[in-house]
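Encoded as structure tokens, the structure appears first; notes follow it.
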Amino acid sequence: MTPTLCLRHRTDSRWRFVVTHASQCDWARLQRDLVDVFPNSSWSVRINQRIGSIVVCRLASAPRLRQDPLSLVFGRVAKQLNLQGFSVPETPLIPTEIVDRTSQKRLNALHSVFRGIANAASVSLSISTLLLSLALFIIGLLGILLPFSPGIWLLVVATALFDLALSFRRPFVV
């Protein structure tokens, strides 16, 4: 398999890359070459051979960059890997090429429409169950005061309906 350079994490001044399938990479040479490309006065470079990780940090005292820092750092690291005989593109892929899949857009849109309809049905069912529970609770309170009426049973049913109304909303509430 051909090695690839993947950006795993980045901040404004730190980039962590992983070189996949790079068992034949000369890590000591790569470390020296990256230190030459990223001078110690402005940059810090760390390599973890075991997992194939390259971390490039820009120091706070470094001068301001005129171009996009991601393309600059990615291009320099890719160039050093290409000098070792690998075939790594020097421009990073844009995030939509990495994350987005166009074949699933329709499926996601359809899923969100169905989820919205189910959410609306759940809200209406929950509100109607809560109103019924409130009505039974009020009748049950009055039924407790009257002799020979099923007031306590109406309160039990009202409590069960209240719990049912909450369970209708549970899948939609985080």
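The values are calculated or read from the model by the stated rules, or taken from the named source; none is laboratory data. The structure displayed is predicted, hence computed values, not measured ones. With ideal geometry, Cβ positions are generated from the backbone for all residues, glycine too; neighbour counts draw on all protein chains shown. Keep in mind that these areas ignore ligands, DNA and RNA; they rest on the heavy atoms of the full protein, side chains included. Shrake-Rupley method; radii C 1.70, N 1.55, O 1.52, S 1.80 Å.
Is at least one residue of the range 40-57 touching a Ser or Thr at 6+ places or on another chain (Cβ under 6 Å), modelled with pLDDT of 90 or more and hydrophobic (A, V, I, L, M, F, W, C)? Within the range 40-57 (the criterion being touching a Ser or Thr at 6+ places or on another chain (Cβ under 6 Å), modelled with pLDDT of 90 or more and hydrophobic (A, V, I, L, M, F, W, C)), the answer is yes, since at least one residue qualifies. Note on the range 14-67: residues that are at positive phi and either open to solvent by less than 20 Å² (accessible area, probe 1.4 Å) or β-branched (Val, Ile, Thr) (or both) total 1.
Among the residues here, Thr91 qualifies as at pLDDT below 85 and part of a loop (DSSP other than H, G, I, E, B).
In the range 109-130, the condition of being outside any helix (DSSP H, G or I), modelled with pLDDT under 90 and within 27 Å of the chain's Cα centre (by Cα) is met by no residue. One residue is enough: does the range 114-132 have a residue meeting the conditions over 20 Å from Arg170 (Cβ atoms) and open to solvent by less than 90 Å² (accessible area, probe 1.4 Å)? Taking every residue of the range 114-132 in turn, none turns out to be over 20 Å from Arg170 (Cβ atoms) and open to solvent by less than 90 Å² (accessible area, probe 1.4 Å).
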